[in-house]
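Here it is: the structure, laid out below.
The values are calculated or read from the model by the stated rules, or taken from the named source; none is laboratory data. Computed from a predicted model, the values in this text were never measured in an experiment. Cβ coordinates were reconstructed from backbone atoms using ideal geometry, including for glycine residues, and neighbour counts include every protein chain displayed. Note: areas computed on protein heavy atoms with side chains; ligands, DNA, RNA excluded. Shrake-Rupley method; radii C 1.70, N 1.55, O 1.52, S 1.80 Å.
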Amino acid sequence: MTESSSAHGGTAVIGDRAGAPMVRVENLRRSYGTGAAAVHALRGVSFEIPRGELVALKGRSGSGKTTLLNLVGGLDSPDEGRITVDGIDLSGLGENGLLELRRDRIGFIFQSFGLIPILSAAENVGVPLRLRKADPREREERVQLMLALVGLADHAAQRPGELSGGQQQRVAIARALANRPALLIADEPTGQLDAETGLSVMELLRAVVRSEGVTALVATHDAQLLDLADRVLELRDGEIVEH
């Protein structure tokens, strides 16, 4: 079955989602600036991520990891190339379609946690469900389940400032999973954590990929954490090297 995108930016579905990879990137190019001063962040990047895998993306600072994550997550557009997420061609989406994609199919985890300081842990986790206008009872049950999944059931009423860095990142993971996304994108999720806490967060990510049936693309520079991934992709000089 194939659906074309609508004039209002609806989704463009390609083929059978169940049989397709979760992510397909084809000949992706992205540059910043023009002429001799142009920075070529991505130079013809292509790869696929099968469903249910935890894939680590590594590379030196400035190698283009964040650029690639933003493109796959629909936060930016490539100069050339094609991105398909969960059977949906991102180039066929308008702004409304991209917004729906990010809201309904993709969960984001950032290095800076991104929690709302005045909200409790439970309220932060519930934000995506409120945006979808989920039934209050369903929302409460899902929030409780997600906090239990990340080991913070007893911290539901605490605000971010009352939690450790590792606990805040666990809340961020629970929030990212609240809407049952198909794809989880994490940009250096352990960058602000000490080594031991960072390892526990990565182990948690691997566990939730399995338990929730999520596919994950995680940018990290920590060699110890790369061992936990199903597969490692390296960005080098704007090109992908698979390990």
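Which whole-number percent gives the relative contact order of the chain, counting Cα pairs below 8 Å spaced six or more residues apart?
So the answer I get is 27 percent.
In whole Hz, with x marking every Gly and Pro, tabulate ³J(HN,Hα) for region 196-209 from phi via Karplus 6.51 cos²θ - 1.76 cosθ + 1.60, θ = phi - 60°.
Computed from phi, the couplings for region 196-209 are 5, 5, x, 5, 5, 5, 5, 5, 5, 4, 4, 5, 6, 4 Hz.
For the residue pair residue 227 and residue 76, what label-to-label distance in nm results when each label sits 7 Å from Cα along the Cα-to-beta-carbon direction?
Going from the residue 227 label point to the residue 76 one covers 3.2 nm.
Oh, and also: Could you work out [θ]222 nm for the chain from helices alone, using -39500 (n - 2.57) per DSSP H run of at least four and dividing by all its residues? Round to the nearest 500 deg cm²/dmol.
Helix-only estimate at 222 nm: -10000 deg cm²/dmol.
Under a 1.4 Å probe, what is the accessible area of region 97-230 per residue, stated in Å²?
Spelled out: the 1.4 Å probe surface of region 97-230, per residue, equals 46 Å².
Once the Cβ-Cβ distance between residue 38 and residue 131 is put in as r, and R0 is 41 Å, what FRET efficiency do you end up with, to the nearest 0.05?
Rounded to the nearest 0.05, the efficiency is 0.65.
A further question follows. Using a Förster radius of 35 Å, what is the FRET efficiency between residue 104 and residue 154 based on their Cβ-Cβ separation? Nearest 0.05, please.
The computed FRET efficiency comes out at 0.70.
Here's another thing I want to ask about it. Quick check on packing: order 170-178, 212-220, 192-200 by the mean number of other C-beta atoms within 10 Å, highest mean leading.
Going by the mean number of other Cβ atoms within 10 Å, highest first, we get 170-178, 212-220, 192-200.
Taking the Cα centre as origin and putting +1 on Lys and Arg beta-carbons and -1 on Asp and Glu beta-carbons, what dipole magnitude results for the chain, to the nearest 20 debye?
Its charge dipole is roughly 340 debye.
What ³J(HN,Hα) values, in whole Hz, does the Karplus curve 6.51 cos²θ - 1.76 cosθ + 1.60 give for region 214-226 when θ = phi - 60°, with x put for Gly and Pro?
Coupling constants for region 214-226: 9, 9, 10, 10, 10, 7, 7, 10, 7, 4, 5, 6, 5 Hz.
Still on this structure: Taking only Cα atoms of the chain, what ratio of Rg to Rh do you get with Rh as the Kirkwood inverse-distance radius?
Values: Rg = 17.9 Å, Rh = 18.5 Å.
Here the Rg-to-Rh quotient is 0.97.
Shifting gears a bit: Going toward the positive end of the dipole of the chain, with +1 on Lys and Arg Cβ and -1 on Asp and Glu Cβ, which of 70, 136, 85 do you reach last?
Positive-most Cα among the choices belongs to 136.
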